[in-house]
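To start, the structure itself, in C-alpha cells.
Bear in mind these aren't lab numbers, they're just calculated from the coordinates by the rules spelled out. Nothing here was measured: the structure is a model prediction, and the numbers come from that model. Note: ideal-geometry Cβ built from the backbone for every residue, glycine included; neighbour counts use all protein chains shown.
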Amino acid sequence: MAFRAAGWGMKVCVIQFIKGKWKTGEQKAAERFDNIEWHALGDGFTWDTKNPEQDVKTSREIWEFCKAKVRSHDFDLLVFDEINYCTGYGWITGEEIAAFIREEKPAWMHLILTGRNAAPEVIEVADTVTEMRPIKHAFDAGIPATQGIEF
C-alpha cells in the first residue's frame, strides 16, 4: 500500500518497530522514491528478547516518534509496521493508540498499523481491518527466510 500511495504522488512515512539494523528489500525499493521516508528503528525480533526493559524503552521511543510524524502533518500515509506486537506484549496499550488516533489524526491522513493480534480498541477506531495468517509456510518445513521473499 505504501508503494501504491507513493506511485500516486502521496507522501509516505514507514516506521518499523521491530526491524532495525539490517536492510530489507522493501526498504531498498523505497530508496528509489523521493516521496517515501523510511525508518527502521527497532532492536530486532522481540520474541527472542534478552532485554525486555530495553524493548519497552525502544517501543515507547518509537511510538513517540510516530506521534510526532502524525502531528507534523507532512504525510498522507503513515505505516506503523509491527506496532500491534507492542500492544500484545503490553509495551503500548491499545487504548493509548486508539485515543491518539481519535484525538489527533487528521481526517485526510491515512494510518496503517501492522502486526498480529491488534488490540480491540485499535480495531474499533480503524476504518479497515485485514487479518493475514499463514496456511502453510516454508519456515515450518525448516526452509530459512529467503532474500527477496521474506526480507
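Taken together, the residues in segment 35-50 that are of a type in the set (D, E, K, R) and either assigned to a strand (DSSP E or B) or surrounded by 13 or more Cβ atoms within 10 Å (Cβ to Cβ) (or both) amount to 2. For the structure I just gave you, tell me whether residue 26 is free of Cβ contacts under 8 Å to residues at least 60 places away in the same chain, closer than 20 Å to residue 130 by Cβ and not small (Gly, Ala, Ser). Yes: the conditions hold for residue 26. Within segment 5-34, track down each residue that is farther than 19 Å from residue 148 by Cα, surrounded by fewer than 18 Cβ atoms within 10 Å (Cβ to Cβ) and not aromatic (Phe, Trp, Tyr). Answer for segment 5-34, where residues must be farther than 19 Å from residue 148 by Cα, surrounded by fewer than 18 Cβ atoms within 10 Å (Cβ to Cβ) and not aromatic (Phe, Trp, Tyr): 7, 9, 10, 11, 34.
When each of 65, 33 is tested for being more than 18 Å from residue 111 (Cα to Cα) and either within 15 Å of the chain's Cα centre (by Cα) or not acidic (Asp, Glu) (or both), the lone residue that passes is 33.
Here's the yes/no breakdown for (1) in contact (Cβ under 8 Å) with a residue 24 or more places away in the chain; (2) assigned to a loop (DSSP other than H, G, I, E, B); (3) under 27 Å from residue 4 (Cα atoms):
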site: 55; (1), (2), (3): yes, no, no
site: 61; (1), (2), (3): no, no, no
site: 64; (1), (2), (3): no, no, yes
site: 67; (1), (2), (3): yes, no, yes
site: 74; (1), (2), (3): yes, yes, yes
site: 87; (1), (2), (3): yes, no, no
site: 98; (1), (2), (3): yes, no, yes
site: 101; (1), (2), (3): yes, no, yes
site: 108; (1), (2), (3): yes, yes, yes
